[in-house]
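Engineer: Input: one structure, supplied below.
Only the coordinates and a few stated rules stand behind these numbers; no lab work does. If you're wondering where the values come from, they're calculated on a predicted model, not measured in any experiment. No Cβ is skipped: glycine too gets one built from the backbone with ideal geometry, and neighbour counts run over all protein chains shown.
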C-alpha cells in the first residue's frame, strides 16, 4: 500500500511513501498515452509485469481495462476527425469543369 505525503521543502509536490517499509518510492514515470502505439506498448508492459508476478492479476486487469478505454477514445476521436473532414470536403462547391476544346 502506498501513501502520498506532502513535503514542505520539496518543490516537486507530493512524495510517494511505501506504507509497508516507510521508505520513499521512486517518482512514478509519466506515461505518454496519446497514440494507439503508446497504448499498445503500455498494455504489453502491463502484461509482462503480470506474467512476471510484479503486479497482481487483479491490478493488471484494471490497468488493461483503463488502457482499453483510452484506446477506444483515441479511435473514436480519430474517426470523428475523419468524418468532419469528409463532411467539410463534401460541403465545398465542386470544381467547375473546363469547357471541352476540340482540336
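Engineer: Could you work out how much longer the chain between residue 82 and residue 18 gets when fully extended? Use 0.36 nm per residue separation minus the Cα distance between them, nm to one decimal.
Structural biologist: Working: separation 64, 0.36 × 64 = 23.04 nm, distance 4.56 nm.
Extra length available between residue 82 and residue 18 comes to 18.5 nm.
Engineer: Also: Which FRET efficiency value, to the nearest 0.05, is calculated for residue 54 and residue 75 with the Förster distance at 30 angstrom and r the Cβ-Cβ distance? Mind showing how you got there, number by number?
Structural biologist: Details: r = 29 Å, r/R0 = 0.96.
Calculated transfer efficiency: 0.55.
Engineer: May I pose another question? What distance in nm lies between label points placed 7 Å from Cα along the C-beta direction at residue 65 and residue 91?
Structural biologist: Those two pseudo-labels are separated by 3.9 nm.
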